[in-house]
Amino acid sequence: MDIFTKCNIGNVTIKNRIALAPMGQPADIDGGFTQSNIDYLVERAKGGTGLIITGCTVCSEEFEPRPCNLHNDFHQNDRLGKLADQLHMYGAKLCLQLSPGIGRMNFIDPFTPPYSASPVPSYAFPELTCKEMPTAGVKSLVKAMGYSAQLAKQAGVDMVEVHAYGGYLIDQFTSAYWNKRTDEYGGSFENRTRFLREIIAEIRKTCGEDFPIAVKLTIDSVDDPERPLAEGIALAQALEALNIDLLHVGRGGYSCRWRMVSSVYQPEGFDLAAMPEIRKAVPSLKIMAHGKLNHAAIAEKAVSEGLVDFVAIGHGLLAEPHWVNKVQNNKMDEINPCIGCGECHFNAMKGKILSCAVNPTTGYEKEYALTPAGHKHKIMVIGGGPGGMKTAITAAKRGFEVTLWEKNTYLGGEMAAAGAPRFKKDVKANVQYMIQEIYKHRIDVKYGKEVTLADVRENAPDLVVVATGASPIVIPVPGKDLPHVKIAEDVLLEKESVGQKVVVIGGGLVGCETGAELAYQGKDVVIVEMMDDILKTAAHFVANDQNLRYLVKQSGVDTWTSAKLTEIQSDGVIVEKDNKLQKIPCDNVVFAVGFRADHSLAEQIEEAGFHVVTIGDNVKPGKIIDAVHQGYHAIRVL
């Protein structure tokens, strides 16, 4: 496969065409790399990744509080050097992503107007108007970028990537939309690119002409006006003229984050459509793209057809750090697929350590590693959803005797329903992966069995893990028991069919996904939501939120918000909206209003004297990350 061939970036040879895409990571107290950062990156090198690109590392705190790692202090080089040395042991190369700051995108301080290219609204706190970066400050940041790159080179870093992407500070300068300056850094295209050009020149000056420089560039903002494609192409051509060594291309902006950072609803390789035009515009530049390229066939096609020279994989390498080795050794069924949930980004934006819903050790590679069982405990897992499966798999890996009990004739629980819509193939793939792991570890599965206390007594386990999930809520209105009333999960799993006209009750995550899926099937769908907007109860990554809203709109779903269901009739529903009752005709009513946990079984088992742990939705209705992590750690700490 072409993705496993060597390729040079400048004078540095990369052993394959796969890079770990840069993603945010928390820093040590002084801004340097933590041991957890190092362990996380080294694990991806151990897994075969050829180029490791760090998350954004700023060069100065002169004009804004440090939003991420900082690298302008000689005393941080010990940890950076340790990282470089360990990556090199596995044949990987290290690229440090460098930034002069994030400018108007600053999300840390809601009280102080951030600096930007011009006095424009702050993104996170729009009531604040940014301060224009003084000319002397721009020149100071240029020097700081050169100094940071020099320190990185001294630490053993193989190359740097200049962060000119995503609406951050350099992007604010190069964008005609945001840059309204009247000095030498504003106005004409030449002036707007001066900041970026001077940074590249300064890095060449401090590090030498043979030190490779990559630039991560927003080629266009797709659905918003910040960066038209023509401007992005012109920027790429200006960078080609500067003889940079690699152009890392991205698309989108914060107002359409799902075009910028992959969501569960995006198709694989969604950024590749723009690559032919970019390749034609800058034929001498090596190009790297990202955007759900953890699908091996898509990545291979992009490289073999010459669309790109390198593929950058982000979320996919969080879920499966050994993706490269497993693809290269044809162990595709052993790859833990990313589900596109965005919990990694969602939690990082809250200041937490980088995490992954389906890989509990991401960010904690050493701390959360499994150890062999000291005693062969007998584990009884009740419920075959994501939490139950993860519990059983983890128990088998540790060497415990484990039995998995599932009331249905299939595994997956609510995750199986979540992966049913056509736009959530990644979730479905992970369910299949976990089922394969169940069989691989020869776990005894008892299907079609709703466990009782008598079953627990008969099996006499050392530990019972209750992962029975939660039950769908049905609003107690007249007509709720009519035969044409269905539950969203049953409809998604095709246990129940619906007619042409469907009313979905509930505009949360499940309701919107169900509505969009039915609409794409050609149904006439109305979503009825009590709140004044859909998705108000969904605590998820903004890219997923934006993308799902787009799907609901594009699919043709009609949304009735601030509307209360009062009655279900044989041919429609009665809804109270705008202080009056209205009827919506339909063939079927589908409930998607949430879930309610039932703790009775766990309480019975505990009262009988057994050691019990409850996880996932059985604790309280939550997310896949909750169930998977709780199941893993219940066994890890045993």
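No value in this document is a laboratory result; all are computed from the given coordinates. Note that this is a predicted model, so its numbers are computed, not measured. Here Cβ is always computed from backbone atoms with ideal geometry, including for glycine, and neighbour counts include all displayed protein chains.
In table form, for the structure just shown:
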| item | result |
| --- | --- |
| Ranked list, fewest to most other Cβ atoms within 10 Å of each Cβ, for 3, 102 | 3, 102 |
| Global geometry of the range 506-587, whether rounded, prolate or oblate, following the gyration tensor of its Cα atoms and the 1.5 cut on a/c | oblate |
| Mean Cα-pair separation over length for the range 2-348, i.e. relative contact order, pairs under 8 Å, 6 or more apart, % | 16 percent |
| Under-23-angstrom lysine pairs by C-alpha in the range 408-484, whenever the two are 8 or more apart or on separate chains | 4 |
| The range 2-348 pair-distance distribution - Cα-Cα, 10 Å bins, rounded % | 6, 27, 37, 24, 5, 0 |
| Two-site label geometry, residue 191 and residue 6: point separation in nm, points 7 Å out along Cα→Cβ | 4.8 nm |
| Among beta bridges that DSSP assigns inside the chain, antiparallel share in %, nearest 5 | 25 percent |
| Relative contact order %, the chain, counting alpha carbon pairs below 8 Å whose residues are six or more apart | 11 percent |
| Amide proton proximity set for residue 131, modelled H, under 5 Å, gap of 5+ | 115, 116 |
| Of the DSSP H helices in the chain, those whose Cα atoms cover at least 30 Å axially and whose Kyte score averages 1.0 or more | none |
| Cut-off under 5 Å, modelled amide H: who pairs with residue 213 long-range | 245, 246 |
| Using distinct alpha-carbon pairs, which all enter the 1/r mean, Kirkwood radius of the chain in Å | 26.3 Å |
| Burial ordering of 560, 405, fewest other beta-carbon atoms within 10 Å first | 560, 405 |
| Sum of side-chain charges, residue 323 neighbourhood, beta-carbon under 11 Å (Lys, Arg +1; Asp, Glu -1) | +1 |
| Between the range 480-510 and the range 58-101, the Cα center-to-center distance that results, in Å | 51 Å |
| For residue 446, residues with placed amide H under 5 Å, excluding near neighbours | 404, 405, 406 |
| Pairwise label distance in nanometres, residue 176 with residue 230, each label 7 Å out on the Cα-Cβ vector | 0.7 nm |
| Cα point-scatterer Debye curve for the range 513-638, base-10 log of I(q)/I(0) at q = 0.11, 0.18, 0.21 Å⁻¹ | -0.58, -1.03, -1.22 |
| Residue order, fewest to most beta carbons within 10 Å, for 550, 254 | 550, 254 |
| Separation between Cα centres of the range 112-176 and the range 588-638, rounded to whole Å | 46 Å |
| Length released on extending from residue 496 to residue 370, taking residue separation times 0.36 nm less the Cα-Cα span | 41.2 nm |
